[in-house]
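What follows is a single structure, written as structure tokens, with notes after it.
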Amino acid sequence: MNYVVLSALTAFALGMVGLGVTGLTTGWIHPWERGRVLRPVPHGFSHIFSGCGFFCFCVFFLFASSEDVSLKWLIVLAAGAVLFLTGIALRGMAGFPDR
């Protein structure tokens, strides 16, 4: 059951990355976010970074749960945290006007 939930969350993370790439290439923003997003480029990057960070979390919990937690899995977890927090900061930047 653990693998099913983590596989679904991994698919969600990759969907976030796909939405970020779509936002960067076409400038498309979700309809419910159009009023709050003033800068589409940081918004697209925020989806990409948050999705990659969430993907790293999913990979950590998928593979570290079945074996002993080594240094390489802790590096994956730390990289995921940095990417996710960078995405959150970029999402906050996307709501402010450009100068």
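The values are calculated or read from the model by the stated rules, or taken from the named source; none is laboratory data. These numbers come from a predicted model, not from an experiment. We place every Cβ from the backbone using ideal geometry, glycine too, and count neighbours over all the protein chains shown.
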Subset of the range 10-53 (residues that are in a helix (DSSP H, G or I), crowded, with 16+ Cβ neighbours inside 10 Å and hydrophobic (A, V, I, L, M, F, W, C)): 13, 16, 17, 19, 24, 45, 48, 49, 52
Return a yes/no flag: does the range 51-69 have any residue that is closer than 20 Å to residue 97 by Cα, at pLDDT 90 or above and not aromatic (Phe, Trp, Tyr). no
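Within the range 63-82, can you find the residues that are in a helix (DSSP H, G or I), closer than 22 Å to residue 5 by Cα and either among the aliphatic types (A, V, I, L, M) or touching a Leu at 6+ places or on another chain (Cβ under 7 Å) (or both)?
We begin by selecting, within the range 63-82, every residue in a helix (DSSP H, G or I); these are 63-64, 71-82.
With the extra rule that they be closer than 22 Å to residue 5 by Cα, the set shrinks to 63-64, 73-74, 76-81.
Listed by number, the residues that qualify are 64, 74, 76, 77, 78, 79, 81.
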Restricting attention to the range 7-66, the residues that are more than 12 Å from residue 91 (Cβ to Cβ) and of a type in the set (D, E, K, R) number exactly 1
Which condition does residue 98 not pass, out of (1) touching a residue at least 60 places away in the same chain (Cβ under 8 Å); (2) assigned to a helix (DSSP H, G or I); (3) among the charged types (D, E, K, R), if it passes all the others? (2)
